Amino acid sequence: MGERALIRCINGWLGTASPPPPAGMGDDCAVLPQPHGSPLLTVDPVVYGRHFDDSLPPEQTGAKLLKRNLSDIAAMGGRPVSAVVSLILSPNVSLNWLERFFNGLKVCALTYKTQIVGGDISATDGRSFSATLTLYGEAERPVVRHGAAPGDHVAVTGSLGGSLLGKHAAFVPRLNEGLWLAARPEVKAMMDLTDGLAKDLTAMLHPDICARLDISSVPIDAAAHARSEQDGLSALEHACCDGEDYELLTILDGQTDLAPLMEAWKKDFELSLSLIGRVAEADSIDDAGHMIDDATDKPLFPNGGYQHLSGQ
Ligand SMILES: [Mg+2]
């Protein structure tokens with residue numbers, strides 16, 4: 001099938017998730033609406049063999065492509081607006097697989113009110129498929145990663161670990177929670193957990209500070225316990241190092257009483273918001289920028305978390 005015919009198919013598969021030009025596909029560029037607040041831009045791919053394999057249904061692969069990006073918008077306290085998708089296709093990808101992939105993407109786009117407004121297709125040899133989605137969004141008050149200071153609280157939504165057993169694809173991007181947190185003055189910084197708490201939390205700490213965790217407060221997912229039984233690593237290690245949790249990690253102001261925030265959260269969400277530790281001055285070079293077990297004073301999984309570009 002030629003490129004034009006395939007693009008016509010994709011347009012049909014996306015249906016109402018793809019508006020007509022000039023707002024959507026069919027012109028040289030899509031014309032986007034003016035953002036409310038600050039415009040946000042993020043990009044994330046799904047790559048065969050890295051983010052999915054033959055065990056993941058194509059619908060879930062298409063949804064995961066958008067949800068990975070939605071999680072980044074959530075982490076800024078933003079709303080998604082529109083997206084473009086770029087495909088790299090080898091000849092062995094069937095039309096049926098692609099239709100199901102785009103169907104999953106469409107359902108997800110309609111669920112999260114994101115319009116697919118353009119894209120591109122390139123051919124490649126060999127057995128491979130990758131899709132890259134660039135997502136445009138907006139935020140009234142974008143919440144960045146930096147700003148943690150000694151005394152602040154570390155909080156996390158949901159539960160962590162064992163994502164390979166299903167959550168890596170079945171997760172719900174925390175858009176409502178991100179918007180809610182961004183509207184609270186207690187929230188100083190935020191990010192989404194993609195590479196594991198052990199790695200991601202350190203990205204929020206400048207080199208003079210550390211995070212002292214109460215490890216009994218870390219919300220460990222049942223899947224982390226299941227993984228622990230399979231491989232003998234502790235459930236805590238799975239919770240801190242597996243990655244692909246897609247929960248929100250946030251820094252809350254240590255100078256204010258958090259009781260009103262925690263009460264309001266419980267009224268609005270069934271999802272848990274757990275206080276797992278405090279930001280502190282680093283006592284030594286070993287502590288600097290790391291997570292420390294507050295009970296033992298030892299660094300927790302200092303090299304843990306998903307390492308990109310490291311092979312398997
Ligand atoms: Mg992120």
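Mind checking which pairs have a first residue in segment 269-287 that is basic (Lys, Arg) and a second that is open to solvent by 20 Å² or more (accessible area, probe 1.4 Å) and part of a strand (DSSP E or B), Cβ under 8 Å, 6 or more apart or different chains?
Arg278/His153; Arg278/Arg212
Based on this model, can you work out whether Thr61 counts as away from the ligand (no atom under 16 Å from the Cβ), within 17 Å of the chain's Cα centre (by Cα), in the same structural domain as Gly26 (by TED's automatic domain parsing) and open to solvent by 60 Å² or more (accessible area, probe 1.4 Å)? Show your work before the answer.
On the way: away from the ligand (no atom under 16 Å from the Cβ): yes; within 17 Å of the chain's Cα centre (by Cα): yes; in the same structural domain as Gly26 (by TED's automatic domain parsing): yes; open to solvent by 60 Å² or more (accessible area, probe 1.4 Å): no.
Considered against the rule, which asks whether it is away from the ligand (no atom under 16 Å from the Cβ), within 17 Å of the chain's Cα centre (by Cα), in the same structural domain as Gly26 (by TED's automatic domain parsing) and open to solvent by 60 Å² or more (accessible area, probe 1.4 Å), Thr61 comes out as no.
Working only within segment 12-37, note down all residues that are open to solvent by less than 60 Å² (accessible area, probe 1.4 Å), in contact with a strand residue (DSSP E or B) (Cβ under 6 Å, 6 or more places away or on another chain) and not in a strand (DSSP E or B). I'd like the intermediate steps shown before the answer.
So in segment 12-37, the residues open to solvent by less than 60 Å² (accessible area, probe 1.4 Å) come out as 12-15, 17-19, 23-25, 30, 35, 37.
Restricting the remaining residues to those that are in contact with a strand residue (DSSP E or B) (Cβ under 6 Å, 6 or more places away or on another chain) gives 14, 17-19, 24-25, 30, 35, 37.
If the condition is that a residue be open to solvent by less than 60 Å² (accessible area, probe 1.4 Å), in contact with a strand residue (DSSP E or B) (Cβ under 6 Å, 6 or more places away or on another chain) and not in a strand (DSSP E or B), then Leu14, Ala17, Ser18, Pro19, Gly24, Ala30, Pro35, Gly37 are the ones that fit.
Just for segment 101-126: of the residues that are in a loop (DSSP other than H, G, I, E, B) and among the polar types (S, T, N, Q), which one is most open to solvent (accessible area, probe 1.4 Å)? Give the steps one after another, and end with the answer.
To start, the set of residues in segment 101-126 that are in a loop (DSSP other than H, G, I, E, B) comprises 112-114, 124-126.
Adding the requirement that they be among the polar types (S, T, N, Q) leaves 114, 124.
Numbers: Thr114: 3, Thr124: 42 Å².
Top of the filtered list is Thr124.
Which residue pairs have Cβ atoms under 8 Å apart, sit 6 or more places apart or on different chains, and have a first residue in segment 232-249 that is more than 12 Å from Leu300 (Cα to Cα) and a second that is among the aromatic types (Phe, Trp, Tyr) and at pLDDT 95 or above?
So the pair list comes out as Glu244/Phe171; Asp245/Phe171; Tyr246/Phe171.
Give Leu233, Leu275 a once-over and let me know the one that is in contact with a strand residue (DSSP E or B) (Cβ under 9 Å, 6 or more places away or on another chain) and not charged (D, E, K, R). Lay out the reasoning, then the answer.
On the way: Leu233 fails: in contact with a strand residue (DSSP E or B) (Cβ under 9 Å, 6 or more places away or on another chain).
When all the criteria are applied, what remains is Leu275.
Among what's in segment 170-199 and is of a type in the set (D, E, K, R) and under 20 Å from Val46 (Cβ atoms), pick the residue that is farthest from the ligand (Cβ to nearest atom).
Residues of segment 170-199 of a type in the set (D, E, K, R): 174, 177, 184, 186, 188, 192, 195, 199.
Applying the additional criterion that residues be under 20 Å from Val46 (Cβ atoms) yields 174, 192, 195.
On the way: Arg174: 11, Asp192: 4, Asp195: 9 Å.
For segment 170-199, the residue satisfying everything is Arg174.
Which residue, of Ser71, Ser86, is in contact with an Asp or Glu (Cβ under 6 Å, 6 or more places away or on another chain), outside any loop (DSSP other than H, G, I, E, B) and open to solvent by 20 Å² or more (accessible area, probe 1.4 Å)? Break it down into steps so the answer makes sense when it comes.
Working: Ser71 fails: open to solvent by 20 Å² or more (accessible area, probe 1.4 Å).
Sole residue among the options that is in contact with an Asp or Glu (Cβ under 6 Å, 6 or more places away or on another chain), outside any loop (DSSP other than H, G, I, E, B) and open to solvent by 20 Å² or more (accessible area, probe 1.4 Å): Ser86.
Have a look at Ser55, Ser90 and point out the one that is in contact with a Gly (Cβ under 8 Å, 6 or more places away or on another chain) and hydroxyl-bearing (Ser, Thr, Tyr). Even if it seems obvious, please write down each step before you answer.
On the way: Ser55 fails: in contact with a Gly (Cβ under 8 Å, 6 or more places away or on another chain).
Testing whether each residue is in contact with a Gly (Cβ under 8 Å, 6 or more places away or on another chain) and hydroxyl-bearing (Ser, Thr, Tyr) leaves just Ser90.
Of these, Leu40, Leu98, which one is open to solvent by less than 40 Å² (accessible area, probe 1.4 Å), touching a residue at least 24 places away in the same chain (Cβ under 8 Å) and part of a helix (DSSP H, G or I)? Spell out the reasoning first.
Values: Leu40 fails: part of a helix (DSSP H, G or I).
When all the criteria are applied, what remains is Leu98.
The values are calculated or read from the model by the stated rules, or taken from the named source; none is laboratory data. In this text the structure is predicted, and so the values were computed from the model without any measurement. Please note: Cβ atoms are built from the backbone with ideal geometry, for glycine as well, and neighbour counts cover all protein chains shown. Protein only, heavy atoms only, side chains kept; ligands, DNA and RNA dropped before computing areas. Shrake-Rupley method; radii C 1.70, N 1.55, O 1.52, S 1.80 Å.
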